[in-house]
Structure formats: C-alpha cells, structure tokens
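Okay, so here's the structure we're looking at.
The values are calculated or read from the model by the stated rules, or taken from the named source; none is laboratory data. Predicted, not measured: the structure shown is a model, and the values here were computed from it. Virtual Cβ from ideal backbone geometry, glycine too; neighbours counted across all protein chains shown.
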Amino acid sequence: MRIRPATTADIPAMLELEQKCPTAAHWTPRLYQVALRTEESGDSKRWVLVVEQKVEVGTASEGRETPELLAFLVAHDLGPEWELENIVVAPSARRKGLGARLVGELLSHAREAGNEHVFLEVRESNQAARILYEKSGFEETGRRSGYYLNPPEDAILYHRRLR
C-alpha cells in the first residue's frame, strides 16, 4: 500500500470510490480536474493524495498487477491555515488506519509548511469520521445548519491548532 500525489488519471477511480460512500462530499469531475490542475501548475496550493494497493489481475501464472484506489484526500492551503475539503475511504478498506494516515500526512505537511491551523466540516451523522478527527486532535467548534443537501443535514465544524 502506498500514499502518493493524485494525477488526473485518478479522477475516474476517485469518482467511483466516492459514489460507494454516501457520506462523502460528491464532487464533479470538473472540480477534481481544477484541484489537480492547480496543484500541478502551482497556481493554487491544493494538495490531493491517494492511497493505492496493487492487486493481481488475471491468473496467478500471468503475474499481472494493477493499482486499486482505496482512499483519497483533498486539502487547500489558505495561507496560515488549511482546509480539509474531502476525504474518502473505500468501505472495504475502512478500520485499517487509512483515513488516519491521510489526516496525519496532511497535518505533517501543513506543520512543515509553517501553517497554524487546519479546519474542516463533516456531516453530523458521519460518526466514524468525527471519531477519526477527534482522535487526530481536532476539536468541535461549531455547526452550519442545513449545510449539506441530499439528504439535508447540518455540518459540524472542526479545528486543529498546529502550533
């Protein structure tokens, strides 16, 4: 299993993965293209990571492997702070520490870059994510009523101080 920067070639797998996760933020292909294009060009400080593993395809004698996307994270550097915009872990890969590894990568990256804060919002009903964030040192700071659609739901706001 490895964590690496995402490329535009990952977008179809990212979209497929988020569709398997009802509590994920559902982005359009265009939003992912913009995030990756701005990251690659240096125009914006977006950071997109994927977690992949190699899986065997075909027969054992062929020995062919293909990468399978298990998780991804999208974050935005907004100066003295970062915003965790999207994080998705495949249902089959949950409870294996992938979300914690991605959040840890973000926190380390933001700290090394001299940033002071990381913010995020999460669906109120997404208890697994809320537990992950709290274990990662985030504190609940507020609520946005009716923030999410389909289904309508409040967003719970979280903050992590890095210094």
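For segment 7-28, a residue qualifies if it is under 29 Å from P151 (Cα atoms), at pLDDT 90 or above and among the small types (G, A, S), and exactly one does: A13.
For segment 108-121, the condition holds for no residue, the condition being that it is at positive phi, surrounded by 14 or more Cβ atoms within 10 Å (Cβ to Cβ) and at pLDDT 95 or above. Entry remark, segment 4-39: residues being under 14 Å from the mean Cα position of the chain (by Cα), outside any loop (DSSP other than H, G, I, E, B) and crowded, with 17+ Cβ neighbours inside 10 Å number 9 in total.
When residues in segment 126-163 are screened for being farther than 25 Å from P80 by Cα and either surrounded by 15 or more Cβ atoms within 10 Å (Cβ to Cβ) or among the charged types (D, E, K, R) (or both), 4 of them pass. Can you find even one residue in segment 59-67 that is modelled with pLDDT under 90 and among the aliphatic types (A, V, I, L, M)? The answer is yes, given that some residue of segment 59-67 is modelled with pLDDT under 90 and among the aliphatic types (A, V, I, L, M).
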